[in-house]
1. Filter the range 39-57 down to residues that are surrounded by 14 or more Cβ atoms within 10 Å (Cβ to Cβ) and at pLDDT below 90 and give me whichever is nearest to N74 (Cα to Cα).
2. Need the failing condition index for N90 against (1) surrounded by 13 or more Cβ atoms within 10 Å (Cβ to Cβ); (2) closer than 18 Å to A25 by Cα; (3) among the polar types (S, T, N, Q), just the number.
3. Do we find a residue being out of contact with any His (no Cβ under 9 Å at 6 or more places or on another chain) and under 18 Å from N90 (Cα atoms) anywhere in the range 52-61?
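The values are calculated or read from the model by the stated rules, or taken from the named source; none is laboratory data. Small disclaimer: the values here were computed from a predicted structure and weren't measured. Ideal geometry is used to build each Cβ from the backbone, glycine not excepted, and the neighbour counts take in all protein chains shown.
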Amino acid sequence: MVKAIKVMLIPNNVQKTKLFQYAGASRFAYNWALAREIENYKKGGKFLLDAELRKEFTKLRHSDEYAWLLSISNNVTKQAIKDACTAYKNFFKGLQKFPRFKSKKRSMPKFYQDN
């Protein structure tokens, strides 16, 4: 017989701060990618691949204005950009409604898990 044990991990204040920084960076990257896709579509361009958007985002991260993104793991923003591209593709396939920008008030904090 296998015994199951439930464990609840409670983060300390430093860990909570880092988690919410990650959630904020994820929200920022998602909204940025979605805005770039919409801007490109209005100009008559094709769908932008997530690889292209990630290259642009890397350049954005190294600018002085967005230097705060350098303290966040690249995997967090990469996953958020992939999620935005997937939502945009699904909209055009007719599988979902138009993707919405994520606001701090309406969305739950979403954290990227590297498995």
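1. Once the filter is applied, the top-ranked residue is D50.
2. With respect to (1) surrounded by 13 or more Cβ atoms within 10 Å (Cβ to Cβ); (2) closer than 18 Å to A25 by Cα; (3) among the polar types (S, T, N, Q), N90 is out only on (2).
3. First pass over the range 52-61, keeping only residues out of contact with any His (no Cβ under 9 Å at 6 or more places or on another chain): 52-61.
Next, from what is left, pick out any that are under 18 Å from N90 (Cα atoms): 53.
Within the range 52-61, one or more residues are out of contact with any His (no Cβ under 9 Å at 6 or more places or on another chain) and under 18 Å from N90 (Cα atoms).
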